[in-house]
1. What are the ³J(HN,Hα) values, in whole Hz, obtained from phi via the Karplus relation 6.51 cos²θ - 1.76 cosθ + 1.60 with θ = phi - 60°, for each residue of the range 70-79 in sequence order, with x given for Gly and Pro?
2. Convex hull over the Cα atoms of the range 33-75, averaged projected area in nm²?
3. Near Leu41, within a Cβ-to-Cβ distance under 15 Å, what is the net charge of the other residues, with Lys and Arg +1 and Asp and Glu -1?
Amino acid sequence: MMNNWSEAESADCLGWCLTGKAVDLYAVLAERRGMVPYIDLMQRPQERFSAREVHATAQGRFQVAHQETGQSLDDWSDRVLTLATKSVRDLPPHTPLSRQ
């Protein structure tokens, strides 16, 4: 665990940082289970709140992406990486991403 904290200490600290709907989800999980493991605190909100777009839509958005006027190269590269990751999320980890 980070900073040599125990799993329980890490979960407690993360629990204190939650706000809004994430803290509501934490309350429901804690009510059902008692202590919520740190790994669940990291994964459950992402599973619950992350928007999953249709794979074909993600691929289409990646294929037509272009650098916006005035957009820095760093911001553009971050956006391309995000779009690419979403468009190929279901591929096995060692799949080459280039088409030959």
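Any read-out appearing in this document is the output of simple, stated calculations on the displayed coordinates, not a laboratory observation. Because the structure is predicted, anything quoted here is derived from the model rather than measured. Here the Cβ positions follow ideal geometry from the backbone for every residue, glycine too, while neighbour counts run over all protein chains shown.
1. So the Karplus estimates, Gly and Pro as x, are x, 7, 5, 4, 5, 5, 4, 5, 4, 5 Hz.
2. Numbers: hull surface 21.5 nm².
One quarter of the hull surface, i.e. the mean projection, equals 5.4 nm².
3. Numbers: positive: Lys21, Arg32, Arg33, Arg44, Arg48; negative: Glu7, Glu9, Asp12, Asp24, Glu31, Asp40, Glu47.
Combined, the nearby Lys, Arg, Asp and Glu give -2.
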